[in-house]
1. Going by the structure shown, is Ala348 of a type in the set (A, V, I, L, M, F, W, C), over 22 Å from Leu421 (Cα atoms) and modelled with pLDDT under 90?
2. Working only within the range 96-130, note down all residues that are in contact with a helix residue (DSSP H, G or I) (Cβ under 7 Å, 6 or more places away or on another chain) and of a type in the set (Val, Ile, Thr).
3. Could you list, in sequence order, the residues of the range 107-139 that are closer than 21 Å to Val210 by Cβ and of a type in the set (A, V, I, L, M, F, W, C)?
4. Across the range 177-199, what is the number of residues that are buried (at least 21 other Cβ atoms within 10 Å of the Cβ) and either in contact with a Leu (Cβ under 7 Å, 6 or more places away or on another chain) or among the basic types (Lys, Arg) (or both)?
5. Any idea which residue in the range 250-262 is surrounded by the fewest Cβ atoms within 10 Å (Cβ to Cβ), counting only those that are in contact with a Phe, Trp or Tyr (Cβ under 8 Å, 6 or more places away or on another chain) and modelled with pLDDT of 85 or more?
6. Does the range 379-406 hold any residues that are at pLDDT 90 or above, in a helix (DSSP H, G or I), surrounded by fewer than 21 Cβ atoms within 10 Å (Cβ to Cβ) and of a type outside the set (A, V, I, L, M, F, W, C), and which are they?
7. Out of Leu54, Leu100, report the one residue that is of a type outside the set (Asp, Glu), modelled with pLDDT of 80 or more, surrounded by fewer than 19 Cβ atoms within 10 Å (Cβ to Cβ) and over 26 Å from the mean Cα position of the chain (by Cα).
8. Of the conditions (1) buried (at least 20 other Cβ atoms within 10 Å of the Cβ); (2) modelled with pLDDT under 90; (3) not in a helix (DSSP H, G or I), Pro376 clears all except one; give me its number.
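The values are calculated or read from the model by the stated rules, or taken from the named source; none is laboratory data. Keep in mind it's a predicted model, so treat the numbers as computed, not measured. Don't worry about glycine lacking a Cβ; one is built from the backbone with ideal geometry, like all the others, and counts go over all protein chains shown.
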Amino acid sequence: MSDERLGAGRADTPPTGADQPKRRRPRRPRRPARPHPLDLVALGLLVVGVVCVLAGALPVDQAGAAVGRVVPLLLFLGSVIVLAELTAEAEVFAVLATRLSILARGRYPLLFLLCVALAAVTTMGLNLDTTAVLLTPVLLALAATLRIEPLPLAMTTVWLANTASLLLPVSNLTNLLAADRVALAPAQFAARMWAPQLAAIVATGVFLWVFYWRRGKRGGDASYLLPARHLPADPVLFRVAAIACLLFVAGIVAGVPIGLASAVSAGLLVLAFALRRRPALRPGLIPWRLLVFVVGLFLVVETVNRHGLAGIVGALIGTEDGALGAIRAAGTGAALSNLVNNLPAYVAGESVVPTGNHGQLLALLIGTNVGPIITPWASLATLLWYERCVANGVRVPMARFVWTSAGLAVVATAASIGALLLVG
């Protein structure tokens with residue numbers, strides 16, 4: 001039988017089994033993505049703030065002054081987050097974390113010191129939100145690579161994101177809010193706050209080791225397996241990102257306006273990504289949730305402050321600029337931060353601190369930077385950190401978190417105030 005006949009026979013036979021054409025399943029319509037709970041919080045806060053203005057609870061001129069004050073901060077915050085996001089995309093944090101774990105040579109005490117240093121430097125040099133949002137998943141991934149318990153590394157980032165945010169104006173949004181009142185250049189600010197910052201980091205390190213890192217608390221073996229050396233996928237982007245971060249920190253220390261320093265550094269890195277990895281430049285790089293949250297929060301705080309909060313806070317803080325005034329300001333700032341949030345706590349406290357009381361204002365900063373670590377909502381950085389932990393499947397025992405954080409808040413705030421009074 002010829003090949004044509006065989007071919008014809010196959011053509012006349014209906015296909016069966018594997019010869020049957022596969023039927024395409026109808027595509028299910030994509031469900032619209034649900035908004036994140038923090039998105040709803042940010043939008044809800046903005047709506048409440050706008051309603052306060054429209055209802056007359058907050059006069060338009062005061063609302064305009066509040067928004068005008070926060071706009072330069074938003075420009076800085078937006079550009080520094082873009083810088084941090086692209087730095088993470090260039091694998092700078094991942095390379096640093098892996099090389100630090102190799103440098104520790106499998107020894108937990110040395111790994112602990114290096115992780116503390118990395119989290120502290122990231123917070124002081126870039127921003128506490130950078131540590132919470134970007135460094136947390138890097139260290140959690142490192143824990144998975146090393147096959148060690150992730151909770152000690154998670155607690156390292158959340159505590160130091162807050163307690164290491166005293167040194168520079170860029171370290172915390174509250175520091176930027178205080179910049180006009182304290183009238184100190186970044187180098188002068190650091191010269192005044194280095195001792196409180198060192199005291200806070202030392203206290204944090206002690207609490208981290210005692211309650212989370214030592215052998216009986218962390219679980220696991222006495223040592224860990226060394227990971228393979230992490231090499232960035234694009235060495236050029238890695239180098240440009242590292243240079244951009246160094247330029248940003250150098251500019252801040254040299255006295256360059258923070259908005260200009262962050263914008264130039266972020267612009268340099270955006271240009272590099274546009275040339276080498278354009279798909280990474282997505283709209284999600286812009287932290288709109290943070291920006292909306294801050295605007296709404298300021299409007300709501302100004303309204304509440306105008307209708308009685310200032311009187312209560314003023315009675316708690318007092319007007320004395322000595323040691324007692326500093327202690328009262330720090331304690332009030334820390335307590336109010338854990339009740340509501342550190343941003344409204346600082347704004348409410350600042351409004352009642354006399355203009356010339358710079359020492360009392362710096363003490364208020366210590367309370368609202370170091371103290372808000374007890375409740376998850378005390379600072380936005382803690383909320384963002386908790387979201388990252390949940391997304392990575394890390395369980396945070398809330399009772400243990402609260403009581404250890406409460407102890408650290410008291411000790412670190414007291415140590416920082418003591419250092420401020422002694423050095424100042």
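1. Taking the combined requirement at face value, the residue satisfies it.
2. Once the filter is applied, which keeps residues that are in contact with a helix residue (DSSP H, G or I) (Cβ under 7 Å, 6 or more places away or on another chain) and of a type in the set (Val, Ile, Thr), the range 96-130 yields Thr98, Val116, Thr122, Thr123, Thr130.
3. Leu110, Leu111, Phe112, Leu113, Leu114, Cys115, Val116, Ala117, Leu118, Ala119, Ala120, Leu139
4. So the count comes out to 6.
5. So the residue we want is Ala261.
6. Arg400, Thr404
7. The match here is Leu54.
8. (1)
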